[in-house]
Amino acid sequence: MRKEKPMKKEKAMPNMKLRKRKTIGIALALSVMLAVFTATVVLAADAYPSKPIRLIIPFPPGGSNDIVGRLIAAKLSENLGKQVVVDNRGGAGGVLGSEMAAKAEPDGYTLLIVSAAYAFNPALYKLPFDPVKAFTPIAKLGSGPNSLTVHPSVPANSVKELIALAKQKPGQLICGCAGVGSFQHMGTELFKIMAGIDFKIVQFKGGGPAMIDQLGGHSQFSLGSLIQTLPHIQSGKFRILATGGLKRSSILSNVPTIAETVPGYEATNWWGILAPAGTPAPIVDRLNRDIKALLTSDEVKKLFLNEGADVDYLGAAEFGPFIAGEITKWGKVVREANIKVE
């Protein structure tokens, strides 16, 4: 019998070699592309910033976000060597401005200032962006308590006297607020519940308009951030009854806390900077370094203190988990107080 000859494998070899060469070629091409991309990002970061930077403030002028934002914008402009331009975009408790920032090009030329109100919004609104995933944290800037102030015409010189007045006139006193879901609103609702009193809350589109109403005597009192009410307290246009921190303000040490009359009350605001998700890490690091440097300066610390707040820095790695924790914490408050956006 004739033995069958085994099939020759020589013809398959060229195809295998060709496939191997193609694989190596693709790998090399990908390596080159990655190297070019990395070099481009590094070069872009080295050249950053090459033009003005926009800082979106998602509230109207005059509120605490606006005050802190403008302070930081001025000092950051000096550090970066390029102007940081403030862009007020108020509406929907800060959601409109935040959405604009979330959709911006992640190139480091659009930043967003946020406050405690940012942590309230997920429980109040159906957001058009993910509050955690849509942004890259840059740094936490500072924190400060709210303040209970009255118009000079109000016959109350202490928290106890204001509570007594509200009980004498249930539902008649008017308290101005910076909008549904704002830090001011949350602190006001908390005071209302814990003090066991009834009064009318009037909502405005930001802390600035709310203060204008109180300056005119239309609102009898408010619980706005100390950083925005302090100038009016110092001018005598508002009379301060108390601050909302757990301890007395270092700049107003003679003013009691609300908790000294209403045990357990505490409302402290905070502010920070975010960038759109995908902003290159070298640019995030550059911004973080410059912000940290300006926050450690005695001049900026004094500026914050003069406004009734304190520098309270957190880096990018710490600021992200802090925001997530605040969203969880305040979401529970919103649900328990049954706060809804009309």
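The values are calculated or read from the model by the stated rules, or taken from the named source; none is laboratory data. Just so it is clear, the model here is predicted, and its values are computed rather than measured. So basically every Cβ, Gly included, is an ideal-geometry build from the backbone, and we count neighbours across all protein chains shown. Heads up: the accessible areas ignore ligands, DNA and RNA and are worked out on the full protein's heavy atoms, side chains in. Shrake-Rupley method; radii C 1.70, N 1.55, O 1.52, S 1.80 Å.
Hull surface divided by four, with the convex hull built on the Cα atoms of region 184-235: how many nm²? Show your work: numbers first, answer last.
On the way: hull surface 15.0 nm².
The directionally averaged projection comes out at 3.8 nm².
The DSSP beta bridges internal to the chain are antiparallel in roughly 60% of cases.
From the protein chains alone at 1.4 Å, what is the descending order of accessible area for 125, 265, largest first? Could you put the intermediate results ahead of the total?
Numbers: 125 50, 265 0 Å².
Greatest to least solvent exposure: 125, 265.
The H on the amide N of residue 55, modeled in the peptide plane, is under 5 Å from the matching H of 85, 86, 87, 111, each at least 5 residues off or on a different chain. When region 225-342 is described by a simple charge dipole with +1 on each Lys and Arg Cβ and -1 on each Asp and Glu Cβ, the residue from 271, 249, 325 located farthest towards its positive end is 249.
With a cut-off of 8 Å between alpha carbons and a minimum separation of six or more residues, what is the relative contact order of region 151-219 in percent? All intermediate terms of the calculation are to be shown ahead of the outcome.
Values: 81 pairs, mean separation 27.3, N = 69.
Relative contact order for region 151-219 comes out at 40 percent.
So how strong a dipole does the chain carry about its Cα centre when Lys and Arg Cβ are +1 and Asp and Glu Cβ are -1, to the nearest 20 debye? Please list the in-between numbers first.
Values: 40 positive and 27 negative charges, 485 e Å.
I would put it at about 2340 debye.
Rolling a 1.4 Å probe over the protein heavy atoms gives the chain an accessible area of 50 Å² per residue. Between residue 318 and residue 168, the modelled labels are 4.8 nm apart [label points 7 Å from Cα along Cα→Cβ]. Working note: 222 nm ellipticity from helices only, DSSP H runs with n ≥ 4, each -39,500 (n - 2.57), summed and divided by the residues of the chain, gives -15000 deg cm²/dmol to the nearest 500. For the pair residue 305 and residue 129, label points projected 7 Å from Cα toward Cβ lie 3.5 nm apart. The aspartates and glutamates whose alpha-carbon is closer than 19 Å to the alpha-carbon of residue 133, local same-chain residues fewer than 8 away aside, are 99, 105, 107, 285, 318, 326.
Restricting to Cα pairs below 8 Å that are 6+ residues apart, what does the relative contact order work out to for the chain? Please round to a whole percent.
Values: 630 pairs, mean separation 84.3, N = 342.
About 25 percent, as a whole number.
Which residue, chosen from 195, 101, 60, occupies the Cα position most advanced towards the positive end of the dipole of the chain, where the dipole is computed from +1 (Lys, Arg) and -1 (Asp, Glu) charges on Cβ about the Cα centre? Farthest along the dipole direction, towards plus: 101. Per the 1.4 Å probe, what fraction of the accessible area of the chain, in percent, lies on carbon and sulfur atoms? The C+S portion of the solvent-accessible surface of the chain is 58 percent.
Each semi-axis of the equivalent ellipsoid for region 204-342 is √(5λ) with λ an eigenvalue of the Cα gyration tensor; in descending order they amount to 29, 21, 16 Å.
Put simply, the amide H of residue 173, placed in the peptide plane, has neighbours under 5 Å in 200, leaving out anything fewer than 5 places away on its chain. Computed from backbone phi, the HN-Hα couplings of region 191-200 come to 5, 4, 5, 6, 7, x, 10, 10, 8, 8 Hz, rounded to whole numbers (Karplus: 6.51 cos²θ - 1.76 cosθ + 1.60, θ = phi - 60°; Gly and Pro given as x).
Put a dot 7 Å past the Cα of residue 277, heading toward its Cβ, do the same for residue 326, and the two dots end up 1.9 nm apart. Put simply, the amide H of residue 135, placed in the peptide plane, has neighbours under 5 Å in 277, leaving out anything fewer than 5 places away on its chain.
When 194, 211 are compared by accessible area at a 1.4 angstrom probe, the order from most to least is 194, 211. Going 7 Å from the Cα of residue 212 in the Cα-to-Cβ direction, what parts of region 45-64 have a backbone nitrogen less than 17 Å from that spot? Only 59-64 fall inside the zone, counting backbone N under 17 Å. Each residue of region 288-301 was assigned a 3J(HN,Hα) from its phi angle through the Karplus curve 6.51 cos²θ - 1.76 cosθ + 1.60 (θ = phi - 60°); the sequence is 4, 4, 5, 5, 4, 4, 6, 6, 7, 6, 4, 4, 5, 4 Hz, with glycine and proline shown as x. When all protein chains stay in place and ligands, DNA and RNA are ignored, the 1.4 Å accessible-area order of 78, 161, 189, largest first, is 78, 161, 189. Note that region 211-226 has calculated 3J(HN,Hα) couplings of 5, 4, 5, 6, 4, x, x, 6, 9, 7, 7, 7, 10, x, 4, 4 Hz, one per residue in order, obtained from phi through the Karplus relation 6.51 cos²θ - 1.76 cosθ + 1.60 (θ = phi - 60°); glycine and proline are x.
Accessible surface of residue 221, taken over heavy atoms with a 1.4 Å probe and every protein chain present, rounds to 0 Å². Counting heavy atoms of the protein chains alone, residue 274 has an accessible area of about 0 Å² for a 1.4 Å probe.
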